[in-house]
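Written out below as structure tokens is the structure these notes cover.
The values are calculated or read from the model by the stated rules, or taken from the named source; none is laboratory data. It should be emphasised that the depicted structure is a prediction, and the values quoted were computed from it without experimental measurement. Note: ideal-geometry Cβ built from the backbone for every residue, glycine included; neighbour counts use all protein chains shown. The area values use the complete protein model at the heavy-atom level, side chains included, leaving out ligands, DNA and RNA. Shrake-Rupley method; radii C 1.70, N 1.55, O 1.52, S 1.80 Å.
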Amino acid sequence: MTGENFRAMTQQLLVYVPPHPLVKHWLTVARDASTPSVLFRSAISELGRWLTYEAAREWLVTQDIMVQTPLTACPGTVIDTQVPIAVVPILRAGLGLLDGAQTVLPLAKIYHLGLVRNEETLEPSFYLNKLPEKFDPQTRVLITDPMLATGGSIMAAMAELIQRGVDPAFTRIVCVVAAPPALQKLNAAYPELTVYSATIDGEVNERGFIVPGLGDAGDRIFGT
Ligand code: PRP
């Protein structure tokens with residue numbers, strides 16, 4: 001059964017955790033508290049690449065064409081460049097996944113969203129919004145953010161995107177660690193959405209950190 005058939009039956013958010021050795025490897029490197037910043041950045045970038053590769057399945061629009069090989073003509077398939085592709089990194093930590101995503105989606109336009117959680121209330125607030133006024137409703141949107149914890153940040157980002165015409169059915173979230181509170185909120189509001197994550201962790205502690213998680217991804221990427 002395909003993911004979309006499963007969703008049609010259950011009317012629920014789809015969350016994929018690709019069972020790939022490279023995803024498991026780079027997740028474990030990122031979790032390790034002794035991993036230095038330079039290697040942590042590489043690990044997150046690698047996860048951005050492989051999770052975006054997985055997320056592009058059944059998401060990128062293709063076109064069937066005929067191609068002339070050196071010997072004869074045969075049918076082929078190419079990416080339909082008429083359908084816009086957008087990547088939305090949620091700053092700061094989402095920048096860590098961006099270059100990996102760009103290696104897979106070199107034609108994507110990048111729209112930055114700066115969001116920070118208040119350390120006490122955990123409420124997110126915007127400090128940068130480079131989204132266009134209106135998206136083409138066909139746009140394939142990929143959001144990058146390594147952590148989905150309480151879900152406040154991703155819900156705020158989704159609300160901004162929906163208001164600008166983005167279709168959640170054409171939206172993919174690429175993250176590293178997803179936690180139940182965020183997934184429950186996304187499921188309740190956007191059951192057509194699809195999430196690709198290196199893992200799902202069980203808990204968010206009282207400080208808003210995912211446990212076991214990987215610490216503060218933004219601080220570890222930028223060495224702050
Ligand atoms: C972290 C993380 C997510 C958010 C997740 O960012 O990168 O964006 O928190 O938490 P939530 O699901 O509870 O909203 P943070 O606000 O620490 O900013 P940073 O990326 O600049 O470190």
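Name the single residue that is farthest from Trp26 (Cα to Cα) among those in the range 201-224 being near the ligand (Cβ under 8 Å from one of its atoms) and assigned to a loop (DSSP other than H, G, I, E, B). Filtering first and then ranking leaves Gly208.
Conditions (1) open to solvent by 50 Å² or more (accessible area, probe 1.4 Å); (2) within 12 Å of the ligand (Cβ to nearest atom); (3) farther than 22 Å from Glu119 by Cβ; (4) in contact with a helix residue (DSSP H, G or I) (Cβ under 7 Å, 6 or more places away or on another chain), marked per residue:
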{"position": "Ala149", "(1), (2), (3), (4)": "no, yes, no, yes"}
{"position": "Gly152", "(1), (2), (3), (4)": "no, yes, no, no"}
{"position": "Ala156", "(1), (2), (3), (4)": "no, yes, no, no"}
{"position": "Gln163", "(1), (2), (3), (4)": "yes, no, yes, no"}
{"position": "Arg172", "(1), (2), (3), (4)": "no, no, yes, yes"}
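The helices (runs of 4 or more DSSP H) falling completely within the range 1-91 that include 3 or more residues that are more than 27 Å from Leu214 (Cα to Cα) and either of a type outside the set (Phe, Trp, Tyr) or touching a residue at least 60 places away in the same chain (Cβ under 8 Å) (or both) map to 3-10.
Taking the condition surrounded by 13 or more Cβ atoms within 10 Å (Cβ to Cβ) and under 19 Å from the mean Cα position of the chain (by Cα), does Ala101 pass? Yes. Within the set Leu115, Leu131, Leu107, Leu122, the sole residue that is in a loop (DSSP other than H, G, I, E, B), of a type outside the set (Ser, Thr, Tyr) and within 9 Å of the ligand (Cβ to nearest atom) turns out to be Leu122. Residue selection: Leu113 satisfies the criterion of being under 18 Å from the mean Cα position of the chain (by Cα) and without any contact (Cβ under 8 Å) to a residue 60 or more places away in the chain.
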